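FYI, it's all coordinate maths here, none of it is from the lab. What you see is a predicted model, and the numbers here were worked out from it, not measured in a lab. Here the Cβ is made from the backbone with ideal geometry for all residues, glycine too, and neighbour counts use every protein chain on show.
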Amino acid sequence: MKRPHWITISTGVGLVLAIFLWARFTPPKKTGVVKPPDENTFVTSINSDSILIEAKKRISPELLLRINTLEHSISRGDVKDQQIKIYEQLAHIWADSASSFDPYAWYEAESARLENSPKSLNFAAHLFLDNLSRGDNAEKRKWRALQAKDLFERSLKINPDDDSASVGLGACYLFGGISSAPMEGLAKIKKVLDKDSTNVYALMTIARGSLISGQYDKAIDRLKAVNRIQPENIEAIIVLADTYERINDKKNALEWYQKSLKFINRQDIKTEVEKRIEDLKK
C-alpha cells in the first residue's frame, strides 16, 4: 500500500518542523515548581468510536457506503486474516480517498495488533507518536499518545530489548499528556542512553523535551552530542541553530545555520535558512 504523504518523515519534513514549529514554541515562564498535567484533568469524550463517527460525517455518501460495507464484510473463514486485509483496505481508503489521518492510523494500528509483529506495531505506533500535535487538540493528542503507548508496549512484550520502542514509549509519556508523572517517560529514555550513549533517537527525543521545558543548555548539549555522532544529521544542526537564535546567541546561530546549508537539498528550506542568516547579520 502506498503510504500517504503525511507519514513519510523525510529530512525535508524534519527540517520544516524544526524551522517552523520548534521555533514558534515559547516555554512557560519559570515560576517555581510546575505541576505536570494530571491525566484526570483531560476530558475523556474522545475514543476510537467517536473518532470514526466524526470522520464519517465529513465524507461523501458514496464513500461512507463503501467504508460501511467493508466494516461489515468479515464473515466465516479465517477471520484474523480477513480482518487484517480489511483493516489495510480501510486504512488505504481513509488515507487516499478521505485524506483523514486519525481513521487511517487507527486501522493501521488495528491491523498491526492482529499481525502482532514488532515491525508493524512500531510502524503504527510511530504514526500516532509523530503526529501527536496534528490539529493541536489536547484530547486527540492524549488519544493518539495512548494508542502509541499500547502499540509500543505490545512490541516490547515481543522484543524487550528494542531500544527504539523503549524511547518511543518514553516519548508518549513526555509529549502525550497521558500521565501525571512525565518523568517516567524521561527515565525510560535515559535507561536506553545509559546502555548506549550514542543512541541518536534517544538523544534527539530528550533534546526535544529539554526545549519544551525551556532547558536550552541541556538541549544544546544533547544536540551537539548528536552532531559528534552524526555530523551530517541536518535536523540536529538546524535545531541547534534555532536554539541559539532563541537565546539570542547570534554568533553560534549563524555558525550552525551556515553549517546546515551544504546538507540541505530542498531549495525552499535552503531559502528560509539563508533568509535567517541574512536577518541575523543585520
statement: Along the dipole axis of segment 36-185 (charges at Cβ: +1 for Lys and Arg, -1 for Asp and Glu; origin at the Cα centre), the most positive-end residue among Asn116, Ala95, Ser155 is Ala95
query: Counting other Cβ atoms within 10 Å, which GluC sites (Glu not before Pro) in segment 153-245 have at most 15 and lie in a DSSP loop?
result: Glu232
statement: Each label sits 7 Å from Cα toward the beta-carbon; between Leu70 and Ile212 the label points are separated, in nm, by 3.2 nm
Among 203-209, 88-94, 186-192, the order from most to least packed when residues are scored by Cβ within 10 Å on average: 203-209, 88-94, 186-192
